[in-house]
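S.K.: Starting off with a structure, shown below.
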Amino acid sequence: MPFDPEQFLALAHDLARTDGAGEAAFRSAISRAYYAVFLKARASLEHSGQLQPTYTGRDHALIIAALRADGGAQGDQLDKLRQDRARADYRLNLEMTRRNADDVLFRAQHLIKRV
């Protein structure tokens, strides 16, 4: 049975809610939340025949473009989560807080149901 990307979102919630969670947990939660939605969207688009994934870094832009072409706001919303993930993973000079993580988790939780 294939891995369920929604498990990444469950892990993200656990990381952000752990007593004494610090910035590393918040950054990891933000990253896992993005990847949960990204992987769910990739699987859905592949299953529907709308996308032939490359299984490389190129898929991030391809999936966002495919979702945008579908006419909904999901592509823009996934791109915003991608930007949040990039800040959490690469911008070490920016503080990531529980509030940042909670915001991303809220948006990811709603988006994952629609991709």
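S.K.: Residues to consider are Asp84, Asp76, Asp103; find the one that is part of a helix (DSSP H, G or I), farther than 30 Å from Asp19 by Cβ, free of Cβ contacts under 8 Å to residues at least 60 places away in the same chain and among the acidic types (Asp, Glu).
M.R.: Asp76
S.K.: For the range 87-100, which residues satisfy the criterion of being farther than 17 Å from Phe38 by Cα and assigned to a helix (DSSP H, G or I)?
M.R.: Residues satisfying the conditions are Tyr90, Arg98, Arg99, Asn100.
S.K.: Assuming Arg87 fulfils every condition listed in (1) crowded, with 20+ Cβ neighbours inside 10 Å; (2) within 14 Å of the chain's Cα centre (by Cα) apart from one, which condition is it?
M.R.: (1)
S.K.: If you scan the range 46-72, which residues turn out to be basic (Lys, Arg) and more than 17 Å from Leu111 (Cβ to Cβ)?
M.R.: Matches in the range 46-72: Arg58 only.
S.K.: Out of all the residues in the range 27-49, is one or more in a loop (DSSP other than H, G, I, E, B) and either without any contact (Cβ under 8 Å) to a residue 40 or more places away in the chain or more than 21 Å from Phe3 (Cα to Cα) (or both)?
M.R.: Yes, the range 27-49 contains a residue that is in a loop (DSSP other than H, G, I, E, B) and either without any contact (Cβ under 8 Å) to a residue 40 or more places away in the chain or more than 21 Å from Phe3 (Cα to Cα) (or both).
S.K.: May I ask you to list the residues in the range 50-73 that are in a helix (DSSP H, G or I) and without any contact (Cβ under 8 Å) to a residue 40 or more places away in the chain?
M.R.: Arg58, Asp59, His60, Ala61, Leu62, Ile63, Ile64, Ala65, Ala66, Arg68, Ala69
S.K.: Right, Tyr90: without any contact (Cβ under 8 Å) to a residue 60 or more places away in the chain, touching a helix residue (DSSP H, G or I) at 6+ places or on another chain (Cβ under 6 Å) and aromatic (Phe, Trp, Tyr) or not?
M.R.: no
Values quoted throughout were computed directly from the atomic coordinates according to the rules given, and no laboratory measurement underlies them. In this text, all values refer to a predicted model and were calculated from it rather than measured experimentally. Here Cβ is always computed from backbone atoms with ideal geometry, including for glycine, and neighbour counts include all displayed protein chains.
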